[in-house]
Structure formats: structure tokens, C-alpha cells
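Below: one structure, written as C-alpha cells.
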2 protein chains.
Amino acid sequence: MFSSNPNISIIGAGNLATHLSIALKEKGYSIRQVFSRTTDSAKTLADKLGADYTTVISEIRTDSDIYIFSLKDSALPEILSQIPPLKGLLLHTSGSIPIDIFDPYSTNYGVFYPLQTFSKTRNVDFSSIPICIEACGEKQQEQLFDLGKSISRKVLDVSSDQRKYLHLAAVFSCNFVNHLYGIASEILQQQHLPFDILLPLIDETAAKVHSLTPFEAQTGPAVRFDENIINKQLNLLNDENLKKIYELISKSIFNTYKQK
Amino acid sequence: MFSSNPNISIIGAGNLATHLSIALKEKGYSIRQVFSRTTDSAKTLADKLGADYTTVISEIRTDSDIYIFSLKDSALPEILSQIPPLKGLLLHTSGSIPIDIFDPYSTNYGVFYPLQTFSKTRNVDFSSIPICIEACGEKQQEQLFDLGKSISRKVLDVSSDQRKYLHLAAVFSCNFVNHLYGIASEILQQQHLPFDILLPLIDETAAKVHSLTPFEAQTGPAVRFDENIINKQLNLLNDENLKKIYELISKSIFNTYKQK
């Protein structure tokens, strides 16, 4: 536990940094400073939080209780190597970066990874978002648990090794899924059909895996081994990349159900 | 409009046949007979509907007002070629079969395609399912519209050509999406992480495309052109087919955002 209401600095001003810092502020945390390389992003987020901002690494305040690094993965090592020494708890929010990235710079650190997709224009209810935490010690573990519990009902311990696989699973079930929605949307557009005709199907597909395993929930030509439809549908696709995606996923479905 | 409450025969006893015929019965339609090649399936569905059943094509009643053919696509041509002449309205429920499959056998026919995924153990609320209809004439068009409206708020005209593309879009946004959920589930299982940790992410990914286009909603390493994470994640995958799926979809996301 922190002795009193801790001060937080936010390093980064992207979608996750924005949504997370607003959720923390709403729970009464004091966000003191926002750092971003771009003035616009830094100022926009700082204004929302009633915080200061800076775009200069050497001007990052060194007396905050918690620093949340929420940056593109490739930016984190560079920032860490340039930042002044910090005594506060250092956290990053990345699925793919191990906890020990902080090891050369601090003895007080952890990971705070909210498993969700964040877009600028969309409000997010943090209370249902799983917060995956990992800490360098027991004290930090408790602090991270409390911080997580203040915004979410679900806080769980996930090791660096598990987290990178969790992130991979998230890429398949969110980023790649959304791209398939995009492919479907383009197919419909060419036929002058509205995308929203697919929404009940998209919703039911997501809802089904709340009560069935994806294995049980599978439907469609590939699981029925209906090569006639598969070949007809392949012929409807002009784009070679799309043809390959269609073929590979159909083959993968086919193999999954042949094996079991 | 039908002159009185029409009688319906159901040809097929799979998931769609089951859910659709139950929905129609609940709206007061009288389902007289179920045909399926397998006695178990025919009897199970007939019992639910309070209907007769048969497994013999020549015993299909010839005096029903509507026949709904809800079969595996490859089975429909064969059944049609063997069935006794029927005066009633012949309908199929397939995304990929054109309306004119009925042409050699009847002058009274149409297509009734509910755009949804159906699993045996899962209840479905038909009222929100888009029903895509196509008819051989104006009278049949009205009959199909009324039949559709009796179970769903959304009935729309979709031509045979549009419908095959709609079915293709449904395969991408439902069947393939569910397979990606399955891949994610296997990745988590190997890390002893529960699948339900992904459900808020899966739900939000589906919910986002109600208010953003899939193009606007895209997040993740590929849209950020983060090759570092992409390469790390590729190295986590042992299965060659999964590696290829990951590479192709990432490349496809990459190309989508490079172009625009």
C-alpha cells in the first residue's frame, strides 16, 4: 500500500495512456505531469487531467510516486536510457516487453497491462478490463494490485513469459479479427450492401464463445468440409492476398476438425 | 399474402432448420412434416415441432403451402431431382445457392436466407437477424416478406449475386473470426491462462464496429508498423500454418494502412 494518495506521472499520450490516466484521475488519483515528444498530444492529455506537461525528457519531474510508461514498445528503451534517476514506482503497460527492462535503472518497478483495445474516440469501461500485473517485489505487488483494483474488478498475476503469449492471443482475437471485419466490409461495399447487416452475426459470433468453446462454436463451409463452396468462394476473390488468407484459414479449420 | 395460415414442411434437420422451424412455430405457423435422411435428426426435430417426419423422399407430403429446404448445399440438387412435383412455395436458406436452382422443378419459389450462425445448443433471437429474401415473382416476394417479418424486424431484398458475396463476407466475419478465437484459445491453454480473460477484448472488438468503421477501429502492432513486435510474435509460433496466417494478415493490415 502507498502511505497516502500517490502522485502519478504519465509518460506517453497515446490511446492507452489517455484512457488509463483518465480512469485513474476519476478514481481520485492525482496526475501531476504528462510527457510526450509532441506538444499537441502532451497538452491535450494534460488539459484533460488538469496536469502539467513537458516534451523534454530532462524536465520530467523526479519526485512522483508512480511513473506509468505507456509508449510504443520501441520508444521505451530509449526514454529509459535518457531519463533522470527516479525513486518512484516505474510501470509499463506493454504486452510484449519483459519486466526486467527496468532492472538497470531502478529497484522499484512493475508491469500494469490492461488487456483491451483502445481507440481515441471511444469511451472504455475499465471496470471489466482484466489488468495483468507483475512486480519486482512483494511491496510493489501489493501496490500494483491496489492500483488495479481501484479501476477494475479483475486484476491477475501474469508473468513476463505468459504476458507475451497473452499479447499474441490478443493480436489474433482482436487486431486480426478486426481486420477480417474490414475485409468483409470491403466485400459488401463492392456489392452496395451496408456493413451493418453483418452486426448481428458479428455480435453472436462474439457472444457464442461466452458459453461454448471456439471449437464447439465453429460453423461454416470449412468445418463442414464443403469443398464446393470453398472453391466457389475462392473464385469470388480477386485479390491474391485475400485468396491466400481464405485458403490458409480454411485449411487450418479443416485440420483442426480432422484431428479431433 | 397467403390466404390462410400456411402449412410448412421442413426439408432438413440441421442447426438452421431446427432454429428456424421452432421460431416459425412460435409465431403460430403449423409445421406439418420434417424430412431428414437420418431418423434420429428427423424424429428429434419433429418431436419439438409436434410434426410428422419421414426419411423417405417419396413420402414427403405434396400438399404443403411452403417447403423450406435447409440442407448442406451439396445435398439440395439431389433432393430436388428426386422429390415428387410440389405446388407449394419452395424456399431454400442457403447463402451460396442461386434462386434459379428451383427453375426446372417449379414456378413458385424463392430464397429465405437468415444471416446468422446457428449452433445446436444455443438459443437464437430471430427478431434481430437480417432475413435476406429473393423471389421468382411479385406474389412470392410479398409472401416471403410477410414470412420474414413474422419472425424478424429486418427483412431485405438481396439478389443471388449479392447473396453469394454476403455469404463470403459472413465467412470472413464469423467463421474465420471464430477460428481466430480458437487459435487464441490454444495459445492461452499452453500458458495455463483461462480463455475468459480474452472475453472483454473480444466483446469490445465486436462492439467497436457498431460505432467506428473497421478501418477506424484497427489497433495493434501491424497498423503501427511495429516490425519488432511482429518478428518477436512470429518467433513464438511453432506451427508453420499459424506463422503463415500471422504473416499474411499482418501484411494485409500493413497494406491497407499504407494505401490510404
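Could you tell me whether the stretch A:86-108 includes any residue that is out of contact with any helix residue (DSSP H, G or I) (no Cβ under 9 Å at 6 or more places or on another chain), hydrophobic (A, V, I, L, M, F, W, C) and away from chain B (no Cβ under 14 Å)?
yes
I want to confirm something. Restricting to the stretch A:126-148 and keeping residues that are facing another protein chain (nearest Cβ under 9 Å) and not aliphatic (A, V, I, L, M), which single residue is surrounded by the most Cβ atoms within 10 Å (Cβ to Cβ)?
The first filter runs over the stretch A:126-148 and keeps only residues facing another protein chain (nearest Cβ under 9 Å), leaving A:128-130, A:132.
Applying the additional criterion that residues be not aliphatic (A, V, I, L, M) yields A:128, A:130, A:132.
On the way: A:128: 14, A:130: 23, A:132: 26.
Only one residue fits best here, namely A:132.
Find the strands (runs of 3 or more DSSP E) located wholly in the stretch A:15-108 whose residues include 3 or more that are out of contact with any Asp or Glu (no Cβ under 9 Å at 6 or more places or on another chain), surrounded by fewer than 19 Cβ atoms within 10 Å (Cβ to Cβ) and of a type outside the set (A, V, I, L, M), and list them.
Hits in the stretch A:15-108: none.
Within the bounds of the stretch B:189-196, is there any residue that is touching a Ser or Thr at 6+ places or on another chain (Cβ under 8 Å) and in contact (Cβ under 8 Å) with a residue 24 or more places away in the chain?
There is no residue in the stretch B:189-196 that is touching a Ser or Thr at 6+ places or on another chain (Cβ under 8 Å) and in contact (Cβ under 8 Å) with a residue 24 or more places away in the chain.
Being open to solvent by less than 20 Å² (accessible area, probe 1.4 Å), facing another protein chain (nearest Cβ under 7 Å) and in contact (Cβ under 8 Å) with a residue 24 or more places away in the chain narrows it down to one residue among B:205, B:117; which is it?
Details: B:205 fails: in contact (Cβ under 8 Å) with a residue 24 or more places away in the chain.
So the residue among B:205, B:117 that is open to solvent by less than 20 Å² (accessible area, probe 1.4 Å), facing another protein chain (nearest Cβ under 7 Å) and in contact (Cβ under 8 Å) with a residue 24 or more places away in the chain is B:117.
So if I check each of B:23, B:42, B:75, which one is hydrophobic (A, V, I, L, M, F, W, C), modelled with pLDDT under 95 and under 23 Å from the mean Cα position of the chain (by Cα)?
Criteria check complete, one pass: B:75.
If we keep just the residues of the stretch A:208-260 that are open to solvent by 10 Å² or more (accessible area, probe 1.4 Å) and among the aromatic types (Phe, Trp, Tyr), which is nearest to the other protein chains (Cβ to nearest Cβ)?
Here the residue is A:215.
Based on this model, can you work out whether residue A:122 counts as open to solvent by less than 70 Å² (accessible area, probe 1.4 Å) and at pLDDT below 95?
yes
Pairs needed: first member in the stretch A:55-67, touching a residue at least 12 places away in the same chain (Cβ under 8 Å); second member anywhere, open to solvent by 60 Å² or more (accessible area, probe 1.4 Å) and assigned to a loop (DSSP other than H, G, I, E, B); C-beta distance under 8 Å; at least 6 residues apart or different chains.
That search, which allows pairs on different chains as well, returns A:55/A:37; A:55/A:38; A:62/A:85; A:62/A:87; A:63/A:87.
Every residue in the stretch A:161-189 that is more than 7 Å from every other protein chain (Cβ to nearest Cβ) and not acidic (Asp, Glu), please.
Result: A:163, A:167, A:189.
For the stretch B:1-14, give me each residue that is open to solvent by less than 10 Å² (accessible area, probe 1.4 Å) and farther than 14 Å from residue B:64 by Cβ.
Passing the criteria: only B:12.
The values are calculated or read from the model by the stated rules, or taken from the named source; none is laboratory data. The structure presented is a predicted model; accordingly, all values stated were derived computationally and were not measured. A quick note on method: Cβ atoms are made from the backbone with ideal geometry, for glycine too, and the neighbour counts reach across all protein chains shown. We work out accessible area using only protein heavy atoms, side chains counted, and drop any ligands, DNA or RNA first. Shrake-Rupley method; radii C 1.70, N 1.55, O 1.52, S 1.80 Å.
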